[in-house]
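Data block below; observations after.
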Amino acid sequence: MSIIRNPELALSGRQKIEWAQSYMPVLSAIRQDFEEKKPFKGITITTSVHLEAKTACLALTLSAGGAEVHATGCNPLSTQDDVAAALASMGVEVYAVYGCSEKDYTAHLRAALAAKPMIVLDDGGDLTELLHEDESLRQNLIGATEETTTGVNRLKARQEAEELLFPVIAVNDADMKHLFDNRYGTGESTWDAIMGTTNVQISGKTVVVAGYGWCGKGVAMRAAGLGGHVIVTEIDPVKAIEAVNDGFRVMTMDEAAGIGDLFVTVTGCKEVVGSRHFPRMKDGVILANAGHFDVEVDVAWLKKHSKETIVRRENIMGYVQSDERVLNVIAEGKLANLAAGNGHPVEIMDMSFGVQALAIEYVLSQGKGLPSKVIEVPREIDAKVSGLKLRSMGIMIDTLTPGQEAYLKSF
């Protein structure tokens, strides 16, 4: 039985889902194909993703393919209660409540896994961890997919330790996911959330972006487009040089701490902005995290060592220091673009979730034949999703002639 806040919120959630679906031509085409083929008939799938309208469309696509879908969130602050209610009214078992406690969040994950799924769709790796802890939960498991950089990193660490117990498709690493979702999606949605939450101007401010992976590139690019003076901090010398050549200043966080007006962490690591940086910061700085977990800005240290905490605006907590400086943290240091915003644009997630849906179909098609390791998304899936997207935009591209193909294969 679903665990949601209020089933009477379903109408609002349905409106959000219908709006999102109307801007998702790739997923709509895949859904139509699934409805005809029913590739998931008799299959139980559990999903743990940010539970909002776009992910609801993905769950309904899997359901249309015949799956029994059990859905939960991957971050309590990104769950939208009306969408959860709508999804539950549309045949999906849902276990998610906005702002629930850590204990209840874990209980929701376990409830979603209690169905003993054959395939799991994870976002961040929390379901995967539970599956490794409890053998009974994975007794029917064929394999899984992972949506995010953070989750893939956790999987690779487990694989390196020779402790990965089932195959997982690294959806995050597909070109049609990370080149668009991580860069354009994170860049646009992070600034949408920050500006909507703070109502401050970005133009003219010094913006410090921690991390210059695909997400960091997007955040820095959009900050510059808004007129911000961008500083990048990095630990990878290659990415640091790339940031320099992209026109950004590069320095250590120790140096940037005293310069920045607004900080965005996008690293997947912990304590990127921490105890040695806070004393150097200006009064009124704004701290936001666009990485998966709430450890990149050391909010735990701020809670323990600040003189007092004050609510500045909805989703903004001010931490008053001993010298009366106020350091402002958005969404408790959780994923800002979802905890304080609407997440990535619909069109971006259309491509990402197209990859997800086809990756799940691929896992099922392989049965028990895949090795227990992190597996790349087959190139054909990238090609199919990109082709569907181009066709939906009315764009045609060239193809090689037989002579050209022969030339490229010659030596």
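The values are calculated or read from the model by the stated rules, or taken from the named source; none is laboratory data. Given the structure is predicted, the values throughout are model-derived calculations rather than measurements. Here the Cβ positions follow ideal geometry from the backbone for every residue, glycine too, while neighbour counts run over all protein chains shown. When the accessible area is computed, the model is the full protein with side chains, heavy atoms only, and any ligands, DNA or RNA have been set aside. Shrake-Rupley method; radii C 1.70, N 1.55, O 1.52, S 1.80 Å.
Restricting the count to DSSP beta bridges whose residues both fall in the chain, what percent are antiparallel, rounded to a multiple of 5?
20 percent
With each label point set 7 Å from Cα along the Cα-Cβ vector, what nm distance links Lys373 and Cys269?
About 2.7 nm separates the two model spin labels.
Might you report the magnitude of the Cβ-based charge dipole of region 1-41 about its Cα centre, with Lys and Arg at +1 and Asp and Glu at -1, to the nearest 20 debye?
Around 120 debye, computed over region 1-41.
Between Lys409 and Glu135, what is the label-point separation in nm under the 7 Å Cα-to-beta-carbon projection?
Result for the modelled spin labels: 4.9 nm.
Which order do you get for Glu380, Glu242, Glu160 if you rank them by accessible area with a 1.4 Å probe, largest at the top?
Glu160, Glu380, Glu242
Output the antiparallel fraction of DSSP beta bridges having both residues in region 245-335, as a percent to the nearest 5.
Taking every DSSP beta bridge within region 245-335, about 55 percent pair in antiparallel fashion.
Using only alpha carbon pairs under 8 Å that are at least six residues apart, calculate the relative contact order of the chain and give it in whole percent.
Computed value for the chain: 16 percent relative contact order.
Sorted by mean Cβ packing within 10 Å, highest first, what order do the peptides 217-224, 129-136, 264-271, 315-322 take?
Listed from highest to lowest mean packing, they are 217-224, 264-271, 315-322, 129-136.
Under the classification rounded if a/c is under 1.5, otherwise prolate if a/b is larger than b/c and oblate if not, where does region 104-173 fall, given a ≥ b ≥ c as square roots of the Cα gyration tensor eigenvalues? Show your work: numbers first, answer last.
Details: a/c = 1.62, a/b = 1.38, b/c = 1.17.
It is prolate, given that a/c is not under 1.5 and a/b is the larger ratio.
What nm distance separates the two modelled labels at Tyr23 and Glu36, each placed 7 Å from Cα along Cα→Cβ?
Each label point is offset 7 Å from its Cα along the Cβ direction, giving 2.8 nm.
Looking at this model, which pairs from Lys38/Lys384; Lys239/Lys270; Lys54/Lys177; Lys116/Lys384; Lys205/Lys304; Lys54/Lys156 are more than 21 angstrom apart at the alpha-carbon?
On the way: Lys38/Lys384 19 Å; Lys239/Lys270 19 Å; Lys54/Lys177 15 Å; Lys116/Lys384 31 Å; Lys205/Lys304 29 Å; Lys54/Lys156 27 Å.
Exceeds cut-off: Lys116/Lys384; Lys205/Lys304; Lys54/Lys156.
If the cut-off is 21 Å between C-alpha atoms, which lysines fall inside it for Lys307, apart from same-chain ones fewer than 8 positions away?
Straight-distance partners of Lys307: Lys282.
May I ask for the distance between the Cα centers of region 106-120 and region 288-336, given as a whole number of Å?
Rounded to whole Å, the Cα centres lie 32 Å apart.
Projecting each Cα onto the charge dipole of region 19-139 (Lys/Arg +1, Asp/Glu -1 at the beta carbon, about the Cα centre), which of Thr55, Tyr95, Gln21 comes out farthest on the positive side?
The one lying farthest along the dipole's positive direction is Gln21.
Rounded to the nearest 500, what is the chain's calculated 222 nm mean residue ellipticity when only DSSP H runs of at least 4 contribute -39500 (n - 2.57) each, over all residues?
Taken over the chain, the calculation gives -12500 deg cm²/dmol.
What number, in percent, do you get for the relative contact order of region 265-410 if the mean sequence gap of Cα pairs under 8 Å and at least 6 apart is divided by its residue count?
The value is 17 percent.
Relative contact order for region 4-135: what percent, with Cα pairs under 8 Å and sequence separation of 6 or more?
Numbers: 257 pairs, mean separation 41.1, N = 132.
Relative contact order of region 4-135: 31 percent.
Would you work out the charge dipole size for region 157-224 about its Cα centre, treating the Cβ of every Lys and Arg as +1 and the Cβ of every Asp and Glu as -1, and quote it to the nearest 20 debye?
Charge dipole of region 157-224: 400 debye, to the nearest 20.
Got a sec? Charge dipole of region 302-411, +1 on Cβ for Lys and Arg, -1 for Asp and Glu; which of Gly354, Ser392, Ser410 is way out at the positive end?
Going by the charge dipole, the pick is Gly354.
Using only the heavy atoms of the protein chains and a 1.4 Å probe, how would Thr148, Thr401 rank by accessible area, largest first?
Ranking Thr148, Thr401 by accessible area, largest first, yields Thr401, Thr148.
Taking the Cα centre of region 26-121 as the origin, how large is its charge dipole in debye, to the nearest 20, when only Lys and Arg (+1) and Asp and Glu (-1) carry charge on their Cβ atoms?
300 debye
Residue farthest toward the positive end of the dipole of region 96-190, with Cβ of Lys/Arg at +1 and Asp/Glu at -1: which of Pro117, Thr148, Gln159?
Value: Pro117.
What angle, in degrees between 0 and 90 and rounded to the nearest 10, separates the Cα long axis of helix 149-160 from the longest principal axis of the Cα atoms of the chain?
70 degrees
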